[in-house]
Amino acid sequence: MATAPKEAENTIVLEEIHTETQEPPKGQKTFTVEEAVETIGFGKFHIALFLIMGSTGVAEAMEIMLIAVVSPLIRCEWQLQDWQVALVTTMVFFGYMVFSIVLGLLADRYGRWKILLLSFLWAAYFSLLTSFAPSYIWFVFLRAMVGGGVSGHAQGLIIKTEFLPTKYRGYMLPLSQVFWLTGSLLIIGLASVVNPTIGWRWLIRIASIPGILLILVFKFIPESARYNVSTGNVAAAVATLQRIAKMNGAAMPEGVLREPTKERRGRFKDLMHPKYLRTTLQIWIIWLGIAFAYYGVILASAELLERDLVCGSAAPAVQDPGDDSEESRSPCHCHLFGPAAYQTMIISTVGEIALNPLNILGINFLGRRLSLCITMGCTALFFLLLNICTSSAGMIGFLFMLRALVSANFNTIYIYTAEVYPTTMRALGMGTSGSLCRVGAMVAPFISQVLMSASFIGALCLFSSVCIVCAISAFTLPIETKGRALQVCI
């Protein structure tokens, strides 16, 4: 009695294997994942996908921006010098750089969803540990581990990209910036309340909550159908597409799903394939430069506020001139943010979404390359304008525009990178690009927090020059992905 169901089950399995490995009968209709995604269209599933995967940006922004609002406090608590404060941010991005490549490789081999879940568990665990750091050295090490976990959050963007119909990618992906903005504003707002009352350790604990909550809702988002097909798991891909069609109230394409199976996935040498070599090298330059400019703006903003370096302002009265104590002679600069500084940070952070409508129009009508070239050129210009002698309001205005431009740069390059590489190496392409991106982020603190103190115009000229190089690289990219279907393999 027990053997009959078992035999039937084995027969079904064999039939499935036969179906997946044999060509369909002549004349039978077939379809690809790309065609299925386009046929099903946009609906309820994609809204849920946008909200859940987009919210990974909230957790990532809170963990990354945390250092900007905690730096003044740890500087005072552990009597740190400029280079030591800069090293904290650098080590966060060092962890990001190392793990970004590793997690990208693993995601192409074992799945986007699994790596995304692992990265959130990792980041939440080490973030909580950071709040108990007994010393500066432990704090630096634990934040580097947090950076490693945060690097895996990019898989959320890849999952969104692989499920969205072509014509919606240029609109929905830039809108994800709203989540990063929300996380940035949330951490600044929390810092203004928590830091002066219960301290930075509790701020870190509270900042880890969104990441923990997101882990609980990941189960509602399936593994990428494109990934399943690339591994030969056609049955899982079909089940996922049927689920999406049901949620959207749409019909599946007629026929059976057929895609070429790629046995080897996530190979670094594929990025160096002649078809993608030039694209890869130029993308790496752009990612490095954009991160250098983005985090340079953020850290420069904090530095200007902390040191009150607005043109025409009085010298900061950090210590009483008559105080000849050892603390007053310390090379460590200790000046905590006040309410006005937090307000200025909020205003400049809101700038990250100011150009979003124009950025979306540029991406969809001018194309990814030209849009990125224009915003990078404008970023270079506004870095130089930051040196103009102006009022506090003028300085805030320049910072506002810079935050808007550097955010637009990130929007565009994220979309372009996710679209230009085929499914078999998309996660690796994003991972290596993200890794190079963190090299720029690692250098930025030493320019914004160390070189800027020695030569303000020198630091600004360096930021501007890098942006010009990126603008040229963007304009000369060999592939335009506007309206282009996602590729399956090389």
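The figures follow:
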| read-out | value |
| --- | --- |
| Solvent-accessible surface (1.4 angstrom probe) belonging to CYS378, in square angstrom, nearest 10 | 50 |
| Lysine pairs with alpha-carbon atoms under 14 Å apart, the chain, spacing 8 or more or separate chains | 4 |
| Low-density loop positions, trypsin sites (Lys or Arg not before Pro), the stretch 414-490 - DSSP coil, at most 13 other Cβ in 10 Å | ARG484 |
| Gain in span if fully extended, SER135 to ILE47, counting 0.36 nm per residue against the direct Cα distance | 27.3 nm |
| Charge context of ALA418, other residues only, Cβ under 10 angstrom, K/R +1, D/E -1 | +1 |
| Listed candidates (i) 4, 17, 28, 28, 15, 6, 2, 0; (ii) 4, 18, 25, 22, 15, 9, 4, 2, 0; (iii) 4, 19, 29, 24, 13, 7, 3, 1, 0, 0 - label of the one calculated as P(r) over Cα pairs in 10 Å bins from 0, in percent | (iii) |
| Accessible surface of TRP138 - all protein chains present, 1.4 Å probe, nearest 10 Å² | 130 |
| Most positive-pole-ward Cα, LEU361, LEU462, GLY434, against dipole of the chain from beta carbon charges | LEU361 |
| Surrounding net charge for GLY95, when Lys and Arg each add one and Asp and Glu each subtract one, Cβ distance under 15 Å | 0 |
| Surface accessible to a 1.4 Å probe, ILE283 within the full protein complex, Å² | 0 |
| Carbon/sulfur fraction of accessible area - the stretch 29-262, other protein chains in place, 1.4 Å, % | 70 |
| Estimated [θ] at 222 nm from DSSP helical runs (n ≥ 4, -39500 (n - 2.57)) normalised by residues in the chain, nearest 500 | -23000 deg cm²/dmol |
| Of the DSSP H helices in the chain, those whose Cα atoms cover at least 18 Å axially and whose Kyte score averages -1.0 or more | 3-21, 56-77, 82-110, 112-130, 136-150, 177-194, 234-248, 277-307, 368-385, 392-420, 426-446, 456-475 |
| FRET efficiency, 1/(1 + (r/R0)^6) with R0 25 Å, evaluated for LEU175 and LEU216 via beta carbons | 0.60 |
| Protein-only accessible surface order, largest first, of LYS167, LYS160 at 1.4 Å | LYS167, LYS160 |
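The values are calculated or read from the model by the stated rules, or taken from the named source; none is laboratory data. Predicted model only: the values in this text are computed from it and were never measured. We place every Cβ from the backbone using ideal geometry, glycine too, and count neighbours over all the protein chains shown. Surface areas here come from the heavy atoms of the whole protein model, side chains and all, with no ligands, DNA or RNA. Shrake-Rupley method; radii C 1.70, N 1.55, O 1.52, S 1.80 Å.
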